[in-house]
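The values are calculated or read from the model by the stated rules, or taken from the named source; none is laboratory data. For clarity, every value in this text was computed on a predicted model and none was experimentally measured. Cβ coordinates were reconstructed from backbone atoms using ideal geometry, including for glycine residues, and neighbour counts include every protein chain displayed.
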Amino acid sequence: MIRLGILMLEPDTTHPFYTGMAQTSKTIGVEVLLFSPLQIHPQTEWIQGYRFSPDTGSWVNDIFTIPEYIYDRTFYGDDFSSKQAKAIVQWLKNRDDLCFLGYGLPNKWTIYRHLKTQEKVSPYLPKTSLIDSIPETIAKIIREKNVIIKPFDGANGMGVFEIQSENGHFQVRTTKKQEIAEKEMDEETLSRWLEGLVQKRSFILQAQLDNRDEQNRPFDLRLLLQKNENDKWSVSCKGFRVGIPGSLLTNISSGASAISYEEWKGKLKHYNWMYIESELRDIVRSLPEVLEEEFAPLFEIGLDIIIGRDSSVWILDMNSKPGHKMLQLLNEDEIQRLHSLPLRYCKALQRKMPATGGDSS
């Protein structure tokens, strides 16, 4: 039986998606393991992790060798452990005897620079710049009036700021623990604040897109794209994320709600949905192919789409390790099908590239 390892920085045996995956393993013929890159012993390459037992329906502590197939769900911080884990994962990706379901995407700035040259997708990308010169950045803020800045390697809305400019005064807003924090600054104070910010990590700047409803709630469309066992991309789940009134973020972890595609579409009848859906089909048809050509093989992509008041369609973000909270919009049969999809795709990879027959003990 082939083995699929779910790779997490801190293995979570209570996670409903990974447990749901593992519960389908017996019928598909894939053994499911759960472990952290930090649990790999550097000399022996044995792992102290978890094996899912179909007999008991639970995760059990076990020791095993590195599985031949890996589903990478590691999310890194700025701490030493994250840096260690990132280096180990890169070592695993470089090995010829292992196969990742997907090999991930680089940071937002690298993605933008590559995709901006691709005529199939470049019209959907909001103009983006790297914050390197503070005077130039402030000039852009004054010119655009309302911008968003965010870490070029960020996720889950962390470190996102809105800056509004009017008559030499600047208002900086961010979301902390589902609450808005605001601060007024003059140009000198803003310059010092930006200097301190970019010394810690790299940031990108985008003009703020108008994605608010009549109740001043930000919203976006999340598309979960995944490959099936025939290596074909399709939309596994789609729905709108609607934030708290006056907030910046649409992340569900930041208090936003998940609303079904058809329900939210019905609330925005004045939008040109025929045009919007034509644009979405073009994006789904083109983007995965372009990303894999430019970077590396992928298994899933989370697309965050902003729809402007003028029915314009923009790709705000793309993530090769999307969350699965939007699955709450699906029925039980659809959720079970998605639980089994990583395992079925793993079997398809085995058929194309037979495993080396690693130790399954």
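Out of everything in the stretch 205-246 that is among the acidic types (Asp, Glu) and closer than 27 Å to residue 339 by Cα, what residue ends up being surrounded by the most Cβ atoms within 10 Å (Cβ to Cβ)?
Here is the first cut: in the stretch 205-246, the residues among the acidic types (Asp, Glu) are 210, 213-214, 220, 229, 231.
Of the ones still in play, those that are also closer than 27 Å to residue 339 by Cα are 220, 229, 231.
Numbers: 220: 22, 229: 15, 231: 11.
The selected residue is 220.
Residue by residue through the stretch 1-26, note down the ones that are out of contact with any strand residue (DSSP E or B) (no Cβ under 7 Å at 6 or more places or on another chain) and small (Gly, Ala, Ser).
20
Which numbered condition in (1) within 29 Å of residue 335 (Cβ to Cβ); (2) in a helix (DSSP H, G or I) is the only one that residue 81 fails?
All conditions are met except number (1).
Any residue in the stretch 212-226 that's assigned by TED's automatic domain parsing to the domain that holds residue 277 and farther than 20 Å from residue 319 by Cα: show its pairings with residues that are among the small types (Gly, Ala, Ser) and buried (at least 20 other Cβ atoms within 10 Å of the Cβ) at Cβ separation under 7 Å, as long as the two are six or more apart or on different chains.
From residues that are assigned by TED's automatic domain parsing to the domain that holds residue 277 and farther than 20 Å from residue 319 by Cα, the pairs are 217/243.
Among the residues of the stretch 211-252, how many are among the charged types (D, E, K, R) and assigned to a strand (DSSP E or B)? Steps first, answer last, please.
Narrowing the stretch 211-252 to residues among the charged types (D, E, K, R): 212-214, 217, 220, 222, 227, 229, 231-232, 238, 241.
Still in the list and also assigned to a strand (DSSP E or B): 212, 220, 222, 227, 238, 241.
Residues that pass the stated criteria total 6.
Among 255, 239, 266, which is out of contact with any Asp or Glu (no Cβ under 8 Å at 6 or more places or on another chain), more than 26 Å from residue 78 (Cβ to Cβ) and in contact (Cβ under 8 Å) with a residue 40 or more places away in the chain? Please lay out each step first, then the result.
Values: 255 fails: more than 26 Å from residue 78 (Cβ to Cβ); 266 fails: in contact (Cβ under 8 Å) with a residue 40 or more places away in the chain.
Testing whether each residue is out of contact with any Asp or Glu (no Cβ under 8 Å at 6 or more places or on another chain), more than 26 Å from residue 78 (Cβ to Cβ) and in contact (Cβ under 8 Å) with a residue 40 or more places away in the chain leaves just 239.
Can you list the strands (runs of 3 or more DSSP E) lying wholly within the stretch 92-171 that have 3 or more residues being under 20 Å from residue 292 (Cα atoms) and either at pLDDT 95 or above or not hydrophobic (A, V, I, L, M, F, W, C) (or both)? Walk me through how you get there before you give the answer.
Numbers: elements: 128-130, 146-151, 161-166.
Once the strands (runs of 3 or more DSSP E) in the stretch 92-171 are filtered for at least 3 residues that are under 20 Å from residue 292 (Cα atoms) and either at pLDDT 95 or above or not hydrophobic (A, V, I, L, M, F, W, C) (or both), nothing remains.
Of the residues 166, 119, 136, 162, which single one is surrounded by 17 or more Cβ atoms within 10 Å (Cβ to Cβ) and either without any contact (Cβ under 8 Å) to a residue 60 or more places away in the chain or not β-branched (Val, Ile, Thr) (or both)?
162
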